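Notes follow once the structure below has been shown.
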Amino acid sequence: MMQHVKTYNAMEIKHTNGEVIVEGPISSEELASLDFHEDLVAFRPPAQQHEALVGIADLPEGRIIIARVEDQIVGYVTYVYPDPLERWSEGNMENLIELGAIEIIPKFRGGGIGKSLLTVSMMDDMMEDYIILTTEYYWHWDLKGTGLNVWEYRKVMEKMMRAGGLEYFATDDPEICSHPANCLMARIGKRVDEASIQQFDALRFKNRFMY
């Protein structure tokens with residue numbers, strides 16, 4: 001079993017709307033004690049999402065990095081093992097985790113908060129033992145709230161992910177291939193062994209022998 005040691009890191013961001021602390025991984029107890037901004041509504045109602053994040057923080061591999069203004073969470077990113085219903089879980093890889101969600105309230109978008117959440121995430125040396133992936137689907141993006149089209153949003157999203165060292169990877173996953181704006185991005189840690197990289201490649205291209 002891999003040891004999921006969570007090493008706390010933090011940075012301060014001078015945003016035009018106030019000073020923001022980006023920190024983590026945050027414990028479930030600390031998460032539960034903080035206020036959760038009412039505009040964090042991308043995935044489910046705020047109270048339910050707050051509760052879900054507390055649960056993720058309690059998982060052995062679960063990691064939550066937050067952006068907060070004083071005692072209120074205004075943004076976060078989650079890391080957890082891939083959903084059992086997705087192909088990325090089929091290899092049962094202990095060293096493959098997913099950047100599952102990233103959300104920032106409209107007031108604090110822009111100004112580098114998203115990049116800082118990714119940067120603080122990767123400050124932890126433990127991340128060099130992992131392949132970190134994210135699956136980006138255009139139907140999850142807040143196109144209406146940002147006023148961007150799918151290609152503009154994807155460009156912003158890619159730039160943010162690259163701040164954490166994630167790069168574009170090709171795949172034949174049907175959901176990702178269903179729209180050209182969808183994509184798979186990943187970061188392969190420096191200490192990930194070659195066998196794990198090959199296993200990840202096999203998950204990316206499950207149908208390679210069918211052509």
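Where a number appears in this text, it was derived from the coordinates with a stated rule and is not lab data. All of these numbers come straight from a predicted model, not from anything done at the bench. When we count neighbours, we look across all protein chains shown, and the Cβ atoms used for this are built from the backbone with ideal geometry, even at glycine.
Before moving on, here are some points about what is shown:
- Ratio of Rg to Rh over the range 109-164 (Cα coordinates, Kirkwood Rh, two decimals): 1.02
- Taking all Cα pairs closer than 8 Å and separated by 6 or more residues, the relative contact order of the range 9-205 comes to 19 percent.
- Neighbourhood net charge (11 Å Cβ-Cβ; Lys/Arg +1, Asp/Glu -1) for His15: +1
- Farthest toward positive dipole pole in the chain [+1 Lys/Arg, -1 Asp/Glu at C-beta], among Ala202, Leu143, Leu166: Leu143
- Among beta bridges that DSSP assigns inside the chain, antiparallel share in %, nearest 5: 85
- Separation of alpha-carbon centers, the range 166-196 and the range 109-152, rounded to whole Å: 14
- Val156-Glu30 pseudo-label distance in nm [points 7 Å out on the Cα-to-Cβ vector]: 2.9
- For the range 9-205, the tally of Lys pairs with Cα-Cα distances below 23 Å comes to 14, considering only residues 8 or more apart or on different chains.
- Extending 7 Å from Cα along the Cβ direction at Glu51 and again at Ala10 yields two label points whose distance is 2.9 nm.
- Anisotropy class of the range 160-199 from Cα gyration tensor, a/c 1.5 cut: oblate
- Label zone at Trp139 (point 7 Å along Cα-to-Cβ), backbone N below 11 Å, the range 159-179: 175-176, 178-179
- Dipole magnitude for the chain: about 780 debye, using +1 per Lys or Arg Cβ and -1 per Asp or Glu Cβ, origin at the Cα centre.
- Eligible lysines near Lys6 by straight Cα distance, threshold 16 Å, same-chain separation 8 or greater: none
- Ellipticity estimate at 222 nm from DSSP helix runs (n ≥ 4, -39,500 (n - 2.57)) divided over the chain, nearest 500: -8000 deg cm²/dmol
- Taking a sphere under 15 Å around the Cβ of Ala67 and counting the other residues whose Cβ falls inside, with K and R at +1 and D and E at -1, yields a net charge of -3.
- Inter-site label distance for Ala202 and Glu128 at 7 Å from Cα along Cβ, in nm: 2.7
- Gain in span if fully extended, Cys177 to Ala42, counting 0.36 nm per residue against the direct Cα distance: 46.3 nm
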